[in-house]
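Here's the structure, in structure tokens; my notes come after.
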Amino acid sequence: MCEQLSLWCSYQSVVFNLKQHPVYPCFAILTAFNPRSIVISHQVNKKRHHMLVNELSTLTLQLRPISCSAIDGDWQELGVMAGLPLASAINLARRWGQNAIYWVEGNDLYLVPVLLQGHEIQRLGDWPSFLYT
């Protein structure tokens with residue numbers, strides 16, 4: 001449980017870098033990097049990212065690139081902002097082996113557990129305060 005709690009806490013210390021803010025009323029931030037938080041090579045992560053983008057492009061046209069990183073820079077990964085229903089985003093993240101996803105609704109950023117057990121959706125704060133430009 002300690003390891004899961006540590007992961008959950010680390011997911012809360014995040015910043016996002018994006019070139020264009022989406023105009024969708026709500027969206028998921030998804031990644032295919034490091035399934036189950038097991039670090040894999042950058043080359044494999046990039047291949048998985050491209051495969052995720054290809055899959056998402058068959059589900060929605062509401063896609064924007066985003067970069068996610070720890071506040072301290074300890075980790076960084078490519079992601080995608082996708083205008084999907086929350087349930088669809090969770091199912092997709094589960095198939096890609098992700099412990100959690102981020103969900104933005106209105107002006108609020110949420111951390112949503114996917115594979116991690118024992119956690120509930122948590123509001124992290126105002127979405128703009130997590131943007132790094």
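The values are calculated or read from the model by the stated rules, or taken from the named source; none is laboratory data. Keep in mind that what you see is a predicted model, and the values were worked out from it rather than measured. All Cβ positions, glycine included, derive from the backbone under ideal geometry; neighbour counts span all protein chains shown.
Is it true that L7 is closer than 16 Å to Y102 by Cα and part of a helix (DSSP H, G or I)?
The answer is yes for L7.
Against the list (1) assigned to a loop (DSSP other than H, G, I, E, B); (2) surrounded by 13 or more Cβ atoms within 10 Å (Cβ to Cβ), the condition G118 fails is (2). Being of a type outside the set (F, W, Y), within 21 Å of V15 (Cα to Cα) and surrounded by 13 or more Cβ atoms within 10 Å (Cβ to Cβ) is a property that does not hold for L92. When the residues of segment 124-133 are narrowed to those that are part of a strand (DSSP E or B) and over 15 Å from A28 (Cβ atoms), which ends up modelled with the lowest pLDDT? Looking at residues that are part of a strand (DSSP E or B) and over 15 Å from A28 (Cβ atoms), I get L131.
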